[in-house]
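Below is one structure; the comments refer to it alone.
Rule-based calculations on the coordinates, nothing more; no lab input. Every value quoted in this text rests on a predicted model; they were computed, and no experiment measured them. Note that each Cβ is placed from the backbone with ideal geometry, even for glycine, and that neighbours are counted across all protein chains shown.
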Amino acid sequence: MHIVSVINYKGGVGKTTVTANIASELAYRGKKVLLIDTDAQASLTFSFLTPDDWDTNYKATKTIKSWFDAISQSKEPPSLTDFVITPPAVNRIVARNGGKIDLICSHLGLINVDLELATLLGGVNLPAAKRNYLKVHGQLRQALATVAAEAEYDIVLIDCPPNFNIVTKNAIVASEQILIPAKPDYLSTLGIDYLQRSVRELVKDFNEFAGPEDQDLHISPQILGVIFTMIQIYDGQPIAAQRQFIAQTKRLGVPTLANNFRENKTIFADAPQNLMPVVLTGYSSNSHSDIVQEIERVVDEFSTLLGGV
């Protein structure tokens, strides 16, 4: 079971669009996908469920916030599988090929969970502080290890918030790979190097606190690559202004996917209202067809980079 976190410090870069479409194309190819929405904006959740459905059926007890709430109250958290739902609209499509998309919803109140989890850090002495650090930041990793034993998912995609709080660190600690969606502009690419340093620091601290005697606890998440979004195409390639930032990112030494998501506000903006990612919707134009084919190539490359999904 592959576990991939999708993150960028900058919001508005198409992170949820990338996550939803990669997941849907993989499921259409017969894979079983678990999505975990850890962004308080809940955009991924509302890409597959209506707000009314979420409010009526899931808000109170079936979100990732409910799971983290148990931890912040110093309780043994329930199994993550207790919070899994199967969105009906998208699964009517992907089930035809034997695929499946399950989802753990986010909650608008998730933004407050970080403060509650922070109260569990620290300790009366250094060994206690280290144990608490490992416990708090390793909860999602431990829970997903149980999921791997209980359910047959090919991949877990975690949609992270645009920050590096305790919830995000839980996702990184649990992950084998990190995918970074980025719009090729100054602000969106500015934080990529900082994100790399933050991940390295988290890995260093976590492994040092685990110590040499607990090698099984050590983590080593890798940057799978940067995937560029909102690409404006001219003469068959990104416009010159965007090529500048793509080249700049490559000079950082960060892996960069060869395929990308082009910009089309109309097609991508309508998808959440229909509860169906673009890659699964019928072609409405030649532009739509081109976009779907590009997403399919993204997923081909993504699968190859993972060593097969």
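Table for the structure above
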| item | result |
| --- | --- |
| Amide H within-cut-off set for LYS100, under 5 Å, with H built and near neighbours excluded | LYS31, LYS32, VAL33 |
| Efficiency of FRET between ASP193 and LEU306 - r from beta-carbon atoms, R0 30 angstrom, step 0.05 | 0.80 |
| ASN97/ASN125 FRET efficiency (R0 35 Å; Cβ-Cβ; nearest 0.05) | 0.05 |
| Fraction in percent of alpha-carbon pairs per bin - 10 Å, region 142-246 | 12, 36, 29, 16, 6, 0 |
| Label-point separation, ASN274 to GLU116 (7 Å along Cα→Cβ), nm | 3.8 |
| Extended-chain gain in nm, criterion 0.36 nm per residue less alpha-carbon gap, ASN132 and ALA60 | 23.1 nm |
| Using a Förster distance of 22 Å, the FRET efficiency for ILE239-GLU296 (Cβ separation, nearest 0.05) | 0.40 |
| Taking THR50, THR256, THR19 and counting other C-beta atoms within 10 Å, the order from fewest to most | THR50, THR256, THR19 |
| Two-site label geometry, LYS75 and ALA247: point separation in nm, points 7 Å out along Cα→Cβ | 5.7 |
| Fewest-first ranking of LYS250, LYS169, LYS32, using other Cβ atoms within 10 Å as the exposure measure | LYS250, LYS32, LYS169 |
| Lysines whose Cα lies under 22 Å from that of LYS100, excluding same-chain neighbours fewer than 8 positions away | LYS15, LYS31, LYS32, LYS62 |
| Potential extension, SER287-ILE223 segment - 0.36 nm per residue separation minus Cα distance | 20.0 nm |
| Under the span-like rule (Cα at least 15 Å along the axis, Kyte-Doolittle mean at least -0.5), DSSP H helices of the chain | 15-28, 139-150, 192-210, 286-305 |
| Kirkwood hydrodynamic radius of region 2-305, from inverse mean 1/r over distinct Cα pairs, in Å | 19.8 |
